[in-house]
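Worksheet: one structure, shown below.
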Amino acid sequence: MAGFLAPTSDADLPAGVLRTLRFVCGSLPVDRCLVLPASTRPIDRSCRRYVTGDRQVLGFGERATGLWVDGRGRDPVAVVQVDRIGAIEDLAVLSYRRLSVRAADVRLSVRYAAHSRPLLAAPLAWLRRRIEGEARGEVPWLGLRTVGTGAVPEEWRAVADDVARVGGEPGVAMLFGLVPERLGEGRARGVLVAVTSAELVVLAESDGTTIRTGAWPQALVVPRRTLQQAREGGDRLLLRSAGVDRVLRLGPQLAAAAVELIDCAGPARRVIRSAG
């Protein structure tokens, strides 16, 4: 499975691709582009069956995020307008990761090697700031609270510190809980639910992988200004954001606490700054 490569100039990209992405996505510097070389990836846990992937270029533009794939024509194969993004996901799947940028009627997805995730960090942080716009909202408390467990593992305290640092002022309200891999079976997965002034963030260990191994948790990021619904469904948290539906298995205690946190925070408001 190929990892991201960071181009340093237009010459590092396929001919004409940057111009095409800029045309459909708006202003797009080279440092907000990532290249995925042609690769193979497993399609089951036995790693005995593989599928090949073409070279790809992912661009985070001012108006939209676009994905160009070699051999599929000159135009990008997927474009998601910034003002229509309802959710961003970064998930662990088998031995690789999958980034998805989702709107109500379109989903842009790329699969990449986990070791190259640091190259994604800066462009993804830029996109998150872009989609939050001038939205601001209250948080009901500051800091980390546990649900159904007496202590937060040290590895997760470090993750919570990172979330609080990215969330900035006026702070972040967070919940942490342990959820079995399967109902009543297996080891418990750590899950962190955070509400910042502009985002709802859910981080979770993937099945079979822990933070102790150095693997970054799976992530779901939802702009609070686009969040339409958050409700509990048994042991699941049901979300709708800008027409995008997501179902997260958090266990009944954490799901109920997450809904209460989101309800207490309420919707984020859009702040309009004066021209002066």
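Quick rundown of the values:
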| item | result |
| --- | --- |
| Positions within the range 21-60 being within 23 Å of Thr8 (Cβ to Cβ), at pLDDT below 95 and of a type in the set (S, T, N, Q), in sequence order | Ser39, Gln56 |
| The range 160-175 residues that are in contact (Cβ under 8 Å) with a residue 12 or more places away in the chain, paired with ones that are assigned to a strand (DSSP E or B) and hydroxyl-bearing (Ser, Thr, Tyr) (beta carbon under 9 Å, 6 or more apart) | Leu175/Thr146 |
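The values are calculated or read from the model by the stated rules, or taken from the named source; none is laboratory data. Computed from a predicted structure; not experimentally measured. We place every Cβ from the backbone using ideal geometry, glycine too, and count neighbours over all the protein chains shown.
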